[in-house]
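Undergrad: What follows is a single structure, and I will ask about it in a moment.
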Amino acid sequence: AMPPMNAPNRTGAADRIQGASLMLLAAAITMLIWSGRYLSYVTPRSIPYLVVAVAALAVFAVAAWCGVFHCTMATLYRTLLVVIAPMLLMVLPLDAGSGTMGGTNRAIAISTTATSEPAGLNRAAKTITIADDDFGAWFDRIDHDPGRYAGYTVIVTGFVSIDSSMAPHQFGADRMLMTCCVLDMTGFGFAVQTNEAVLPRENSWVTVRGTGARGRIGTADHGYDGIVLTATSITPSDTAPSGYFYRS
C-alpha cells in the first residue's frame with residue numbers, strides 16, 4: 001500500500017553518514033581558515049569563497065542529516081570519495097620548509113597599484129638590493145619599465161631554474177607565484193647570464209649580483225627579448241627565503 005501523503009520522511013544510516021561527512025569537510029575548511037594553513041592551497045583573495053563554501057556545506061550537511069536527499073548506499077560511496085580526498089589533503093601536514101616552495105603557507109602580496117619604489121634602491125651607486133619579500137614588487141617594476149633601471153647592479157636571491165628554452169649559459173633566479181590556487185603555482189623571476197662553464201645546481205638557492213639590461217632570453221631562433229642580469233658573482237645562499245607571491 002502507498003504511504004499517506006503526509007507521512008514524515010524517514011532518515012537512514014546513509015543519510016546520517018552523508019550529513020556527518022559533509023559537516024566534517026566544512027569543519028576542516030574552517031580549521032584551515034582559522035589556522036592560516038589555507039595559504040598553502042589558495043591566495044588570501046579566496047577567503048570569501050571559502051566562507052561561502054563552508055556555509056553551503058553546512059546547509060547541505062543539515063539537509064542530508066534530515067534525509068532531504070534520501071541518500072542510498074550507492075550515492076553515499078560517491079559522496080565519501082569526493083569528501084575524503086580533500087579532507088586528507090587538509091589534514092596531512094605539508095613539508096613547507098624545504099625545496100623551492102619553502103614556506104608556502106606565507107603569502108606575499110604584489111601590489112598592482114603601488115606607485116613608490118620598494119626599498120633597496122641606491123641611485124647614486126646605481127644598485128638595487130632586493131629584499132626577499134620585495135622580490136615580486138621589484139620584478140614587476142623592472143619588467144614593466146626596463147629602461148629606467150638599465151645598467152643598474154641588481155643583487156637578488158632566488159632558486160635556480162633551468163629551462164630548455166634558455167640559452168646554454170642562462171638560468172632563472174626565481175621565486176614562486178600563485179595566481180589562484182596551489183595547482184597553478186609556478187616559478188617567475190630574473191634571467192641570469194653567466195660565463196661559467198657549469199650552471200648552478202637546479203633548484204638550489206643562490207644570490208646573484210649582476211648588471212641588468214635588455215637582452216635575449218633563450219636562443220636567437222627560440223627566445224624573446226627581456227631583462228637579463230649579466231652575473232658578476234653567483235654565491236650559494238645559506239637560507240631559502242620563505243613565502244610565495246600573489247598579485248593583490
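Undergrad: Could you tell me the ratio Rg/Rh of the stretch 182-248? Both radii from Cα atoms, Rh via Kirkwood.
TA: Value, to two decimals: 0.99.
Undergrad: Compute the helix-to-body angle for 135-144: its Cα long axis versus the longest principal axis of the chain, expressed 0 to 90° and rounded to tens.
TA: It works out to around 60 degrees.
Undergrad: To the nearest 500 deg cm²/dmol, what mean residue ellipticity at 222 nm is calculated for the chain from DSSP H runs of n ≥ 4 alone, each contributing -39,500 (n - 2.57), summed and divided by the residues?
TA: It comes out at -9500 deg cm²/dmol, rounded to the nearest 500.
Undergrad: How much net charge surrounds Phe171 when only other residues with a Cβ under 13 Å from its Cβ are counted (Lys, Arg +1; Asp, Glu -1)?
TA: -3
Undergrad: Tell me the angle of helix 13-35 to the major Cα principal axis of the chain, expressed in degrees between 0 and 90 and rounded to the nearest ten.
TA: The angle comes out at about 30 degrees.
Undergrad: With every protein chain present, what accessible area does Arg209 have (1.4 Å probe, heavy atoms only), rounded to the nearest 10 Å²?
TA: Here the residue's solvent-accessible area equals roughly 100 Å².
Undergrad: With a/c under 1.5 counting as rounded, go ahead and sort the stretch 106-248 into rounded, prolate or oblate using the C-alpha gyration tensor (a ≥ b ≥ c being the square roots of the eigenvalues; past the cut-off, prolate if a/b is larger than b/c, else oblate).
TA: rounded
Undergrad: Further, regarding this structure: Could you order Trp34, Trp138 by accessible surface area, starting with the largest, using a probe radius of 1.4 Å?
TA: Trp34, Trp138
Undergrad: Okay, next question. State the extension gain, in nm to one decimal, for the chain segment bounded by Phe69 and Leu81, taking 0.36 nm per residue of separation less the distance between their alpha-carbons.
TA: Roughly 2.6 nm would be gained on extension.
Undergrad: Additional query: Would you grab the residues whose amide H sits under 5 Å from the one on Gly158? Only those 5+ places off in sequence or on another chain, please, with H modelled 1.01 Å from N.
TA: Amide H to amide H, under 5 Å and 5 or more residues apart or across chains, Gly158 pairs with Val206, Val208.
Undergrad: When only alpha-carbon atoms count, how far does the stretch 120-198 stretch along each of its three principal axes, as whole angstroms with the largest first?
TA: For the stretch 120-198, the Cα extents along the three principal axes come out at 42, 35, 20 Å.
Undergrad: While we're on this one: Tilt of helix 73-91 relative to the longest C-alpha principal axis of the chain, in degrees (0 to 90, nearest 10)?
TA: Computed tilt is about 30 degrees.
Undergrad: Would you list Glu202, Glu117 from the most to the least accessible area, probe 1.4 Å?
TA: Listed by decreasing accessible area, they come as Glu202, Glu117.
Undergrad: How big, on average over all directions, is the shadow cast by the Cα convex hull of the chain, in nm²?
TA: Mean orientational projected area (the chain, Cα hull): 19.1 nm².
The values are calculated or read from the model by the stated rules, or taken from the named source; none is laboratory data. Computed from a predicted structure; not experimentally measured. Don't worry about glycine lacking a Cβ; one is built from the backbone with ideal geometry, like all the others, and counts go over all protein chains shown. In case anyone asks, the SASA skips ligands and DNA or RNA and just uses the protein heavy atoms, side chains included. Shrake-Rupley method; radii C 1.70, N 1.55, O 1.52, S 1.80 Å.
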